[in-house]
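Structure record follows, encoded as structure tokens.
Laboratory data are not the source of any read-out in this text; all were calculated from the coordinates shown. As the structure is a prediction and not an experimental result, all values here were calculated from the model. Note: ideal-geometry Cβ built from the backbone for every residue, glycine included; neighbour counts use all protein chains shown.
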Amino acid sequence: MLKYTLKRGIIALITIWVIITVTFFLMRAIPGDPFTNEKKIQPQIMENLKRKYGLDQPLIVQYGKYLQNLLRGDLGDSMKYKTRTVNEMLRTSFPVSAKLGLMSIAVGAGLGITFGIIAALNRGKAFDYFVIFLAVIGVSVPGFVFAALFQYWFGAKLQWFPVARWGTWKHYVLPVAALGFSSIAYIARMMRTSMLDILSQDYIRTAKAKGLSRRVVTWKHTIRNAILPIVTILGVNIAGVVVGSFVIESIYAIPGMGKYYVQSIQQNDYTLIMGTTIFYAVILVIMMYLTDIVYGIVDPRIRIDE
Amino acid sequence: MEQVGLEKDMFEVVGKDLESAEAIIRPSLTYWADAWRRLKENKLAIIALVVLALVVIMAFVGPMIRPFTYDQQDFTKINQEPSSEHWFGTDALGRDIFVRCWSGAKISLFIGMVSAIINVTIGIIYGGISGYLGGYVDIIMMRIVEIIYSIPELLWVILLMVVLGPGLKTIIIAISISGWGGMARLVRGQVLQLKQMEFVLAAKTLGADTSRIIAKHLIPNAMGPIIINLTFQVPGAIFTEAFLSYIGLGIQPPLASWGSLAQEGTLMLLIKPYQMFFPALLISITMLAFNILGDGLRDSLDPRLRK
């Protein structure tokens with residue numbers, strides 16, 4: 001187990017390093033510099049600006065310095081909001097995004113797994129078709145369409161919930177629903193398939209033949225085994241939810257990382273783009289790492305295979 | 001009663017034709033003919049195929065059957081509800097949404113198809129080499145894929161789009177660069193499995209070289225899963241494009257794609273919901289059709305699912 005954890009950890013670290021390096025050099029490869037699209041700047045000021053951000057030094061020195069700063073957890077200054085650092089912006093926006101993301105994943109996984117189980121146990125009945133229908137809708141309709149539809153229907157037309165912004169629990173409902181919907185659909189579909197697969201195994205027939213109660217067969221023998229593959233999907237799903245939040249946060253005007261990220265892209269704020277990308281990537285890689293480890297713990301076969 | 005004796009000369013040999021006895025009357029079906037036969041039985045998949053064909057046809061014909069162009073503005077008729085003149089209504093600049101939807105379809109489908117094909121090509125070459133050579137080459141090549149794969153595709157695409165600048169070509173490049181990892185893994189798995197087969201050994205014995213074995217024996221046999229994956233890659237790429245256009249990194253106006261049309265639509269959503277409705281509907285129908293077709297192809301191409 002230790003060997004497996006270490007091996008995964010090293011891969012995760014290399015991944016993070018690759019992301020940092022690629023991001024750095026890609027950002028430096030953009031023609032022109034971040035100050036060119038502002039008003040005409042005096043050459044002297046331009047030079048000072050470049051010195052302030054260290055753009056006058058050779059690339060490799062800049063890279064070394066950037067790595068050093070990153071190790072200390074410093075992501076640099078924003079180039080557009082002159083007085084704010086990337087760290088500050090992330091500090092205020094990350095909790096909002098994390099809250100939104102965690103709630104969506106909780107809703108997605110909770111409802112998704114429940115729906116999948118019920119559908120598989122009632123194969124070929126109405127609820128099963130409902131889940132299949134849900135899954136098809138989930139993969140066919142982009143997240144922003146749901147976000148817009150919910151906003152229009154429940155926000156503007158029925159006025160059950162606020163149309164946008166962030167604050168009370170009522171503000172959470174629509175964005176969480178929009179963000180969680182595709183997870184519900186995806187996880188429900190996977191859980192259903194996994195359940196059906198387990199239900200056709202011989203040991204389930206054995207358990208039934210022994211005369212175990214329906215409840216024990218379902219909970220102890222079926223669900224416990226069927227839920228395993230879902231753990232791996234969760235890692236991918238977290239990535240999907242995080243990326244999906246870019247759009248959802250923009251639509252609902254939620255002051256989270258996604259909104260700033262989209263904004264920084266639209267404003268060519270390079271340091272903010274770099275800082276946010278790296279932050280996102282690190283969080284995602286850590287999430288994937290944790291799911292790998294958890295999967296290794298719950299399913300011993302994985303460790304032996306490696 | 002007279003007994004009838006059976007004499008030898010009462011019989012004659014009709015003819016012994018071994019070939020006609022062993023003749024195969026039913027036509028021998030190739031793998032593809034068989035797959036097509038199975039697919040035809042799947043009504044849902046055929047409907048999906050027809051829907052996709054209609055969308056493709058309309059992408060070319062649609063803009064021509066109305067007397068407007070995608071960038072033609074008419075300020076006397078802005079934000080009009082759907083009518084007999086403007087079938088899907090007009091947008092904030094008085095452009096006909098029907099025409100824009102279908103010229104957007106052309107761009108979205110083009111991006112989807114081209115980047116999926118490029119993805120699959122890179123994936124086949126990379127995965128084919130990695131799987132066939134095995135050993136250290138395989139380990140190193142797969143570690144690289146693993147690292148690329150563990151970075152969410154959209155972060156890659158966004159970064160590349162920021163660097164390359166928005167536009168049709170750059171979207172295709174960005175999606176192609178970032179999306180081949182899954183395909184490479186799939187092909188490698190297939191190749192690893194297939195290269196153990198006897199027919200590969202036979203080909204080797206007959207003196208076929210590596211490139212011939214990969215191109216003539218391994219890849220054609222791995223084609224089923226590859227095509228299934230391709231049908232799922234196309235909607236994936238269309239999705240990515242819609243997402244990029246949605247956050248302003250995709251197709252730039254006056255050109256339209258489904259993503260950019262939906263994005264323009266959301267700005268007016270609370271007042272004029274139909275502007276969002278039509279592009280969103282088209283995206284959803286197309287995604288649905290691709291997914292159903294993909295499922296149908298999986299059922300008809302995957303040997304394990306045949307019974």
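Hey, any idea what Rg/Rh is for chain A, computing Rh the Kirkwood way over Cα pairs?
So for chain A, dividing Rg by the Kirkwood Rh gives 1.07.
For helix B:31-41, report the angle its Cα long axis makes with the longest principal axis of the Cα atoms of chain B; keep it between 0 and 90° and round to the nearest 10°.
The angle comes out at about 60 degrees.
At q = 0.18, 0.19 Å⁻¹, what log₁₀ I(q)/I(0) does a Debye calculation on the Cα points of the range B:225-307 give, no solvent, two decimals?
Log-scaled intensity ratios, in q order: -0.76, -0.81.
Just to be sure I understand the model, the point goes 7 Å from the Cα along the line to the Cβ. What's the resulting A:Arg91 to A:Ala164 distance in nm?
The two pseudo-label positions are separated by 2.8 nm.
If you take the charge dipole of the protein assembly as shown about its Cα centre, with +1 on Lys and Arg Cβ and -1 on Asp and Glu Cβ, which of B:Pro253, B:Phe243, A:Gly296 is farthest toward its positive end?
My answer, from the dipole projection, is A:Gly296.
Extension gain B:Thr30-B:Ser211, at 0.36 nm per residue separation less the Cα-Cα distance, in nm?
Taking 0.36 nm per residue and subtracting the Cα distance, the gain is 62.7 nm.
Points 7 angstrom from Cα along the Cβ direction at A:Ile60 and B:Tyr136: gap in nanometres?
In this crude spin-label approximation the distance works out to 2.6 nm.
Need the full-extension length gain, B:Ile47 to B:Thr69, defined as separation in residues times 0.36 nm minus the C-alpha distance. One decimal, nm.
Gain on stretching B:Ile47 to B:Thr69: 4.9 nm.
I'd like the orientation of helix B:181-194 relative to chain B: the angle between its Cα long axis and the longest Cα principal axis, in ° from 0 to 90, rounded to 10.
That helix lies at roughly 0 degrees to the long axis.
If we count every other residue with Cβ under 14 angstrom of B:Ile271's Cβ, Lys/Arg +1 and Asp/Glu -1, where does the sum land?
Local net charge: -1.
Would you mind giving the three semi-axes, in whole Å and largest first, of the ellipsoid equivalent to the protein assembly as shown according to its Cα gyration tensor?
Values for the protein assembly as shown, descending: 49, 32, 29 Å.
Averaging over every viewing direction, what projected area does the convex hull of the Cα atoms of the range A:180-275 cover, in nm²?
8.1
Roughly how tilted is helix A:270-298, in degrees to the nearest 10 and between 0 and 90, from the longest Cα axis of chain A?
It is inclined by approximately 30 degrees.
Sort the following peptides by mean Cβ neighbour count (other Cβ atoms within 10 Å, averaged over residues), highest first: B:190-196, A:163-169, A:251-257.
Descending mean neighbour count gives A:251-257, B:190-196, A:163-169.
What are the extents of the Cα atoms of chain B along their three principal axes, in Å, largest first?
Ordered largest first, chain B gives principal extents of 110, 66, 26 Å.
Could you work out how much longer the chain between A:Phe130 and A:Leu290 gets when fully extended? Use 0.36 nm per residue separation minus the Cα distance between them, nm to one decimal.
54.3 nm
Using θ = phi - 60° and the Karplus relation 6.51 cos²θ - 1.76 cosθ + 1.60, list the HN-Hα couplings for the range B:104-119 in order, rounded to whole Hz, with x at every Gly or Pro.
x, 4, 4, 5, 4, 5, 4, 4, x, 5, 4, 5, 5, 5, 4, 3
Any chance you could check the Cα centroid distance between the range A:129-152 and the range B:220-291 for me, in angstrom?
Comparing the Cα centres of the range A:129-152 and the range B:220-291, I get a distance of 14 Å.
Need one number: nm distance between label points at A:Leu67 and A:Arg51, each 7 Å from Cα along Cα→Cβ, rounded to one decimal.
Going by the 7 Å Cα→Cβ label model, 2.7 nm.
With springs only between Cα atoms under 10 Å, which of B:Ala237, B:Ala203, B:Ala105 fluctuates most in a Gaussian network model of chain B?
B:Ala203
Order A:260-272, A:88-100 from most to least packed using the mean count of other Cβ atoms within 10 Å.
Descending packing order for the listed peptides: A:260-272, A:88-100.
Straight-line reach from A:Lys170: which lysines have Cα under 28 Å away, leaving out those fewer than 8 places along the same chain?
Here the lysines satisfying the reach criterion relative to A:Lys170 are A:Lys99, A:Lys157, A:Lys259, B:Lys272.
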